[in-house]
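Below: one structure, written as structure tokens.
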Amino acid sequence: MFPIGNRAIMTWLTTFLSLGFCKICFTLISGLSSLAMVYSEPNNVDMSVALMVILHSDSIK
């Protein structure tokens, strides 16, 4: 399983870096949308429901 050779190591590094970047971006988007839901007015239910649907659909994939 350990990559041997220059090309295989670069492929593994690229894969791990891109997966890490995707996880960081997803965490930031989730955190920002959670803050938006927490600090929104109680009467603004439409935005909260829309953000919850978006977050839930992303976590299913």
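If you count, for each residue, the other Cβ atoms within 10 Å and average over each peptide, how do 12-18, 27-33 line up from highest to lowest?
Ranking, from highest mean packing down: 27-33, 12-18.
Given a Förster distance of 35 Å, report the FRET efficiency between Met37 and Leu17 from their Cβ-Cβ distance, rounded to the nearest 0.05.
0.70
How high is the FRET efficiency between Thr27 and Arg7 when r is their beta carbon distance and R₀ equals 22 Å, given to the nearest 0.05?
Working from the Cβ atoms, E equals 0.10.
Bear in mind that the values in this text are calculations on the coordinates, not laboratory data. Predicted, not measured: the structure shown is a model, and the values here were computed from it. Positions of Cβ are backbone-derived with ideal geometry, glycine not excepted, and every protein chain shown enters the neighbour counts.
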